[in-house]
1. Let's test this: bin the Cα-Cα distances of the chain at 20 Å from zero up to the farthest pair and state each bin's percent.
2. Based on the mean of other Cβ atoms within 10 Å per residue, sort peptides 121-127, 304-310 so the most packed one is first.
3. Please report the base-10 log of the normalised intensity I(q)/I(0) for region 10-169, using a Debye sum with one equal scatterer per alpha carbon and no solvent, at each q in 0.19 (1/Å).
4. Starting from the Cα gyration tensor of region 223-307, multiply each eigenvalue by 5, take the square root, and state the resulting semi-axes largest first in whole Å.
5. Excluding SER199 itself, calculate the net charge of residues whose Cβ lies under 10 Å from the Cβ of SER199, where each Lys or Arg counts +1 and each Asp or Glu counts -1.
6. For region 116-160, take the convex hull of the Cα atoms, compute a quarter of its surface area, and give me that in nm², please.
7. Could the peptides 18-27, 191-200, 146-155 be put in order, highest first, of the mean number of other beta-carbon atoms found within 10 Å of their residues?
8. For region 97-143, just say rounded, prolate or oblate: build the C-alpha gyration tensor, square-root its eigenvalues into a ≥ b ≥ c, call rounded for a/c under 1.5, and beyond that prolate if a/b exceeds b/c, oblate if not.
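Computed from the coordinates by the stated procedures, all read-outs in this text should not be read as laboratory data. Everything numeric in this text was worked out from a predicted model, so none of it was measured. Note that each Cβ is placed from the backbone with ideal geometry, even for glycine, and that neighbours are counted across all protein chains shown.
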Amino acid sequence: MERRIDFSRERHMLCGGCGHEFVVDLDWIDRWEQSGEKCPGCGLTCEHEGAPRATVDPGDPALDDERLPQFFWYHTSTQANWPTRDYDPAGDLTAETRVRMGGGDHAAAWAVRQRAKALHVGTYEAAVHNMLRRMDHQADSRSQFYLYRVRLRPDVVVRDGWVVDPSDWLGDVVLAEVCPPGIDVARYLNYHEDPGGLSLALGRNAIASVQEIAIPLPDAWDGDWAREAIVALESASDVPVPATGKLARFMPQSSPRATVGRELGQALAGRLPVNLRGQFESAVSFDEGADPLLWARRTSSLCGLIVDPQRVLAALDAAEHRGV
Ligand SMILES: [Zn+2]
């Protein structure tokens, strides 16, 4: 069952200082993060410890234990065929890395810890947000990503209530710590992606099947935008020119085409919910020498993931179900 997808929905906030709960929109949170807003209860600003943070919406349908397994859950990864059955995390380690890790025994113990990690699924919004965050970091900025739609086993045992986001930055959670014996799935409050949304930590045996598509989709979401972008890029020179002005010698050379690409990316980002703009702009940054056609298609299609999810869901509907 699909839930309503809404990247711009209002968020519930909880103040750790005074316990006040209130509902705000994303623009409020954006101003708040720049110290432009205060807790309406006690006046704490964002610099303070215990300042308000996004919390779970008491009306979130995923709080219902019986409905939770009926919902579709999502995951994005650079890994194809996730979750891989015979995943050997030590398989990619070079001999050099094994030595750096302290030798074979240490590498083996590391691999055991990796295999004990929980899998994560969340809302469609969280999965897309996760991909943008990863693209914002150099290592994955041009990686191929995959979107997974996950069906849970109907008889999964769900841990009561929810826990606060248990992961560190890398999302490493040991499964047994969040899902004790007899529990298949634990809800947690997501702070980083789709803030305030509920995600799930789970083991692979809680998953019945997945559908997989490569994202962004290969064709542009908005063909008119892509065509106009290609014309604008191709009519601008791709020869880097020296910067002008006082600080010119400290500035990298940039071509007029790259400048047009940056402006197009900025304008498109401006149509998105405020909490996705920076990461989107970074994900679609125009590299010198990039192919205008490929860039415009990818950029438009990435935007479509957010502004036209129905198109993406239709592609998922057509994908085969793979048992896990
Ligand atoms: Zn307060």
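1. Bins of 20 Å from zero give 27, 53, 20, 0 percent of pairs.
2. Numbers: 121-127: 24.7, 304-310: 17.4.
Descending mean neighbour count gives 121-127, 304-310.
3. At q = 0.19 Å⁻¹ the computed log10 ratios are -1.28.
4. Computed over region 223-307, the values are 24, 16, 9 Å.
5. Once all neighbours under 10 Å are counted, the net charge is -2.
6. Averaged projected area of region 116-160's Cα convex hull equals 4.8 nm².
7. 191-200, 146-155, 18-27
8. It is oblate, given that a/c is not under 1.5 and a/b is not larger than b/c.
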